[in-house]
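Visitor: I am attaching a structure below and will ask some questions about it afterwards.
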Amino acid sequence: MKYEQTLFLADNWEDYALLDSGDGMKLERFGSQNVIRPDPQAFWRPNQPVRSWKADAWFDAKAGDDERGEWRRLNPRAPDTWPMEWNGIRFEARRTPFRHMGVFQEHAVHWAFAQEQLKKAGRPAKVLNLFGYTGLMSLACAQAGAEVVHLDASPKSNGFGKDAQSLSGLDDRTIRWIADDAMKFVAREQRRGNQYDAIILDPPKFGRGTKNETWRFEEDLPGLLDGVASLLVKKPLFVILTAYAVRLSHIALAQALGDRMKAFGGRIEMGEMALPEEKTRRMLPTSICARWRAD
Ligand SMILES: C[S@@+](CC[C@H](N)C(=O)[O-])C[C@H]1O[C@@H](n2cnc3c(N)ncnc32)[C@H](O)[C@@H]1O
């Protein structure tokens, strides 16, 4: 297996910008709304002092909690939800109590890659999006002509995805929105003999399935990758594996994926995912990735 070091930089998105970062905080623009959120990795100096940043809302993290916290509205007229768009895919952004905005903007680099690969393949393709959450990857693949199976343990998130499908004018595309445990679903697909041309997986460090099944990244990923490889057609197009907040290197991710993909040839790009800061040449790291492709 060939391995290449890559930086997965999500740039070129009009509706999103990282405006400034530093002193443990970041200032971002999501469509019409500017927000300030903590980011422990941003321990460099901000371009402008944080107290001078202009925003519509500010997220206060809850002590001892990596995700949860509360939003403070700095602009009393800030809407609860507002429209955003990526490449014709439309969805409603929102301030969630889990500090995110209903979109993982750093994944735009993979949406563009998936679309490019699907269009280049020039054949009908079936894509499985595991841990699909907001559904934006599923919509990007459907927009590029793929038939998509979207899976997440949260039925509520599937509802957001379906709404975005309608907003984006993609109701005529085949997306199956499934609420299930990822491990169980993959095992079931193996038994049913269903196969996919491309698979995307963005598992959390820790999660729960629909029936309270536990997901632990380091313990469960090897088994899931075995299952994922067995669901691929003879000549698959791509596999994208991303990870947040794990004590692992992208090299570990890439080699775990590489073992399973040996029989298919191709190559693996591996590296960090990051957001470029507008106006400066700085980058905000977000996550790690291993991406297999056939060509
Ligand atoms: C890191 S988020 C994925 C974000 C996604 N890449 C996106 O852009 O929207 C992880 C998702 O995994 C889901 N999840 C957690 N445990 C799961 C399990 N056992 N089976 C299926 N989904 C699970 C959560 O509901 C959550 O939506």
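Visitor: Provide a single number: the residues in the range 11-38 that are touching a Leu at 6+ places or on another chain (Cβ under 9 Å) and modelled with pLDDT under 95.
Guide: 1
Visitor: What single numbered condition from (1) more than 17 Å from Gln117 (Cβ to Cβ); (2) part of a strand (DSSP E or B); (3) of a type in the set (Val, Ile, Thr) fails to hold for Ile251?
Guide: Failed condition: (2).
Visitor: Which one of the conditions (1) away from the ligand (no atom under 16 Å from the Cβ); (2) open to solvent by less than 10 Å² (accessible area, probe 1.4 Å) does Ala263 fail to meet, given that it meets all the rest?
Guide: Status for Ala263: all satisfied but (2).
Visitor: Residue by residue through the range 88-99, note down the ones that are modelled with pLDDT of 95 or more, in a loop (DSSP other than H, G, I, E, B) and buried (at least 18 other Cβ atoms within 10 Å of the Cβ).
Guide: Of everything in the range 88-99, just one residue is modelled with pLDDT of 95 or more, in a loop (DSSP other than H, G, I, E, B) and buried (at least 18 other Cβ atoms within 10 Å of the Cβ), namely Arg95.
Visitor: Same structure again: So, in the range 179-203, of the ones that are open to solvent by 50 Å² or more (accessible area, probe 1.4 Å) and touching a helix residue (DSSP H, G or I) at 6+ places or on another chain (Cβ under 7 Å), which residue ends up farthest from Lys156 (Cα to Cα)?
Guide: Only one residue fits best here, namely Gln190.
Per-residue answers, yes or no, for (1) more than 9 Å from the ligand (Cβ to nearest atom); (2) over 28 Å from Lys234 (Cβ atoms); (3) open to solvent by less than 20 Å² (accessible area, probe 1.4 Å); (4) assigned to a strand (DSSP E or B):
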{"residue": "Ala114", "(1), (2), (3), (4)": "yes, no, yes, no"}
{"residue": "Lys120", "(1), (2), (3), (4)": "yes, no, no, no"}
{"residue": "Val127", "(1), (2), (3), (4)": "yes, no, yes, yes"}
{"residue": "Tyr133", "(1), (2), (3), (4)": "no, yes, no, no"}
{"residue": "Cys141", "(1), (2), (3), (4)": "yes, no, yes, no"}
{"residue": "Leu151", "(1), (2), (3), (4)": "no, no, yes, yes"}
{"residue": "Gly161", "(1), (2), (3), (4)": "no, yes, yes, no"}
{"residue": "Gly169", "(1), (2), (3), (4)": "yes, yes, no, no"}
{"residue": "Trp177", "(1), (2), (3), (4)": "yes, no, no, yes"}
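Visitor: Tally time: how many residues in the range 179-206 are out of contact with any Lys or Arg (no Cβ under 7 Å at 6 or more places or on another chain) and assigned to a loop (DSSP other than H, G, I, E, B)? Reasoning before the result, please.
Guide: Here is the first cut: in the range 179-206, the ones out of contact with any Lys or Arg (no Cβ under 7 Å at 6 or more places or on another chain) are 179-180, 182-195, 198-205.
Going one step further and asking which of them are assigned to a loop (DSSP other than H, G, I, E, B), we end up with 180, 193-195, 202-205.
Selection size over the range 179-206: 8.
Visitor: Just the residues that are within 24 Å of Asp295 (Cβ to Cβ) and away from the ligand (no atom under 11 Å from the Cβ), please, taken from the range 194-225.
Guide: Residues of the range 194-225 within 24 Å of Asp295 (Cβ to Cβ): 195-202, 225.
Once the filter is applied, which keeps residues that are within 24 Å of Asp295 (Cβ to Cβ) and away from the ligand (no atom under 11 Å from the Cβ), the range 194-225 yields Gln195, Tyr196, Asp197, Ala198, Ile199, Leu225.
Visitor: Residue under question is Ala245, and the condition is that it be outside any loop (DSSP other than H, G, I, E, B) and either over 22 Å from Met101 (Cα atoms) or open to solvent by 50 Å² or more (accessible area, probe 1.4 Å) (or both); does it hold? If you could, list the steps in order and put the result at the bottom.
Guide: Working: outside any loop (DSSP other than H, G, I, E, B): no; either over 22 Å from Met101 (Cα atoms) or open to solvent by 50 Å² or more (accessible area, probe 1.4 Å) (or both): yes.
Answer is no for this residue.
Visitor: Could you tell me which numbered condition Lys156 fails, if it satisfies all but one of (1) in a helix (DSSP H, G or I); (2) open to solvent by 40 Å² or more (accessible area, probe 1.4 Å); (3) more than 16 Å from the ligand (Cβ to nearest atom)?
Guide: That leaves (3) as the condition not met.
Visitor: Please determine whether any residue of the range 73-85 is under 19 Å from Glu14 (Cα atoms), away from the ligand (no atom under 14 Å from the Cβ) and surrounded by 14 or more Cβ atoms within 10 Å (Cβ to Cβ). So that I can check it myself, show each step before the final result.
Guide: Of the residues in the range 73-85, the ones under 19 Å from Glu14 (Cα atoms) are 81-85.
Adding the requirement that they be away from the ligand (no atom under 14 Å from the Cβ) leaves 81-83, 85.
If we keep only those that are surrounded by 14 or more Cβ atoms within 10 Å (Cβ to Cβ) too, we end up with 82, 85.
So far as the range 73-85 goes, yes, one or more of its residues are under 19 Å from Glu14 (Cα atoms), away from the ligand (no atom under 14 Å from the Cβ) and surrounded by 14 or more Cβ atoms within 10 Å (Cβ to Cβ).
Visitor: Could you say which residue among Arg72, Arg51, Arg37 is in contact (Cβ under 8 Å) with a residue 60 or more places away in the chain and not β-branched (Val, Ile, Thr)?
Guide: Details: Arg72 fails: in contact (Cβ under 8 Å) with a residue 60 or more places away in the chain; Arg51 fails: in contact (Cβ under 8 Å) with a residue 60 or more places away in the chain.
Exactly one residue qualifies, and that residue is Arg37.
The values are calculated or read from the model by the stated rules, or taken from the named source; none is laboratory data. Predicted model, so just to flag it, every value in this text is computed and none were measured. Cβ sites come from the backbone with ideal geometry, for glycine too, and all protein chains shown count toward neighbours. Note: accessible area is taken over every heavy atom of the protein model, side chains too, but ligands, DNA and RNA are not part of it. Shrake-Rupley method; radii C 1.70, N 1.55, O 1.52, S 1.80 Å.
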